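See below for the structure under consideration.
The values are calculated or read from the model by the stated rules, or taken from the named source; none is laboratory data. These figures come from a predicted structure and were not determined experimentally. Glycine gets a Cβ as well: all are built from the backbone with ideal geometry, and neighbour counts include every protein chain shown.
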Amino acid sequence: MAFESGSISCRMFTMPRKLPEDVVERFAKDAAPPLETIAEGEVKGWVTGRHLLDRNITEETAYYGGYLRLSLRLAEKKVPQSLLRAECRMEELAVMAAEDKPFLKSQQRAEIRKSVHERLLPSMPPQLKAMPFICRPESRYLYASALSAKQSDQFASSLGSTLGFNVFPLTPETAAAERKKVDARDWSGTSFTPDLEDNEMESQPGREFLTWLWFVAEAQEGTIYLEEQGQVHVLIEGPLTFVHEGNGAHISVLRQGEPVNSAEARTCLLSGKKLKSAKVTFAIGEENWKVTLDADEFVLRGLTVPQSEDHLDPISRFQERMQGLEKFSDMYFGLYDVFMDLRSDSNRWKKTRDAIREWVKSRKGRS
């Protein structure tokens, strides 16, 4: 699983309180059903982080390296479309030959399709998908590989049902409410280009944050000081995705060459577009994190965390990776806190906006 090896793609969720003391019993109660009991329709349930068939959720199997590690398993029986079409055609040809007909009416073909589907479905093996998550027992935050909006909703609904209280993905809006008691939906639009006024822009906190990080990376020597972590260095790299819900092309994606220094990037900024996603490198001292950020949802894709060169046992290596992930999230949301403090102070934000406009205007892009 991605939490144990390779790069990490996930999103963070927040809980109104810590995990209940009987958390393992709750997950065991909602364990995934045996595969042989699955009929038609998608069936959800929890399994351990060891593998997708491990329904035996106990104190020993639910925890790994001090972290709660489980997966929401989704199982569904499906008849492959190619097989269904072939079986239906065989039935249709047989009926046409028996009834001496050159073709069958649509209603008869639909009845054959339904009959064939009902015949084949019981013999189909369930298709399995999983959304693993990890959580430190004493924390109110957890990490889950529920990347899309649909997956996030499924995961939050299932987890909330098991725990007995709602959980929420940490988006720019929910993070503002969680960390600063700020309603980011009240922020008016901000234009980072001298060619457009603020009232011509939509309010997009996440895109403003990521574009502000780019400004810091280029115009302020790429350094931001955080009280807990110290100096954080930021570097923006491509591919870059720009968005502005105005006239003309809404989305621009720059991939080839050096998109950060391209004339196209400057044009995007001047036209009012803001960064929706980008690859970013963060550094604290000798430690580096690389990640592709989705500014709208705060989804992390392909995150690499610092790892020692020591030959560690699997549990120690997992703990090191999770500590790197937690250190990244503390740093990332620490940076977002700095941005929110600026964004919530009208005088400071106006000065910051004007500085960004000057940066946009003076940027030189290579063709």
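Data for the structure
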read-out	value
Yes/no for Phe3 being in contact with a Pro (Cβ under 9 Å, 6 or more places away or on another chain) and not assigned by TED's automatic domain parsing to the domain that holds Lys129	yes
Residues satisfying the stated conditions in region 63-95, i.e. under 24 Å from Lys29 (Cβ atoms) and either assigned to a strand (DSSP E or B) or hydroxyl-bearing (Ser, Thr, Tyr) (or both)	Tyr63, Tyr64, Tyr67, Leu68, Arg69, Leu70, Ser71, Leu72, Arg73, Leu74, Ala75, Glu76
Enumeration of residues in region 338-367 that are farther than 21 Å from Asp195 by Cα and in contact with a Lys or Arg (Cβ under 6 Å, 6 or more places away or on another chain)	Met340, Leu342
Residue identified as assigned to a strand (DSSP E or B) and over 18 Å from the mean Cα position of the chain (by Cα) among Gly272, Gly257, Gly238	Gly238
Any hit, region 274-281, residues being touching a helix residue (DSSP H, G or I) at 6+ places or on another chain (Cβ under 7 Å) and surrounded by fewer than 18 Cβ atoms within 10 Å (Cβ to Cβ)	no
Odd one out for Asn56 among (1) surrounded by 14 or more Cβ atoms within 10 Å (Cβ to Cβ); (2) not in a helix (DSSP H, G or I)	(1)
Any hit, region 316-331, residues being under 30 Å from Gly189 (Cα atoms) and in contact with a helix residue (DSSP H, G or I) (Cβ under 7 Å, 6 or more places away or on another chain)	no
Residue identified as free of Cβ contacts under 8 Å to residues at least 40 places away in the same chain and small (Gly, Ala, Ser) among Gly257, Gly334, Gly302	Gly257
Boolean, Tyr336 is within 23 Å of Gly189 (Cβ to Cβ) and assigned to a helix (DSSP H, G or I)	yes
Arg348 vs. criteria modelled with pLDDT of 95 or more and farther than 14 Å from Ile8 by Cα	yes
Residues within region 35-54 that are under 22 Å from the mean Cα position of the chain (by Cα) and among the hydroxyl-bearing types (Ser, Thr, Tyr), tallied	1
From Thr58, Thr37, residue being hydroxyl-bearing (Ser, Thr, Tyr) and either touching a residue at least 24 places away in the same chain (Cβ under 8 Å) or within 21 Å of Gly160 (Cα to Cα) (or both)	Thr58
Those residues of region 275-305 which are aromatic (Phe, Trp, Tyr) and assigned to a strand (DSSP E or B), in sequence order	Phe282, Trp289
Hey, Arg26 surrounded by 16 or more Cβ atoms within 10 Å (Cβ to Cβ), in contact (Cβ under 8 Å) with a residue 24 or more places away in the chain, of a type in the set (Lys, Arg) and touching a strand residue (DSSP E or B) at 6+ places or on another chain (Cβ under 6 Å) or not	no
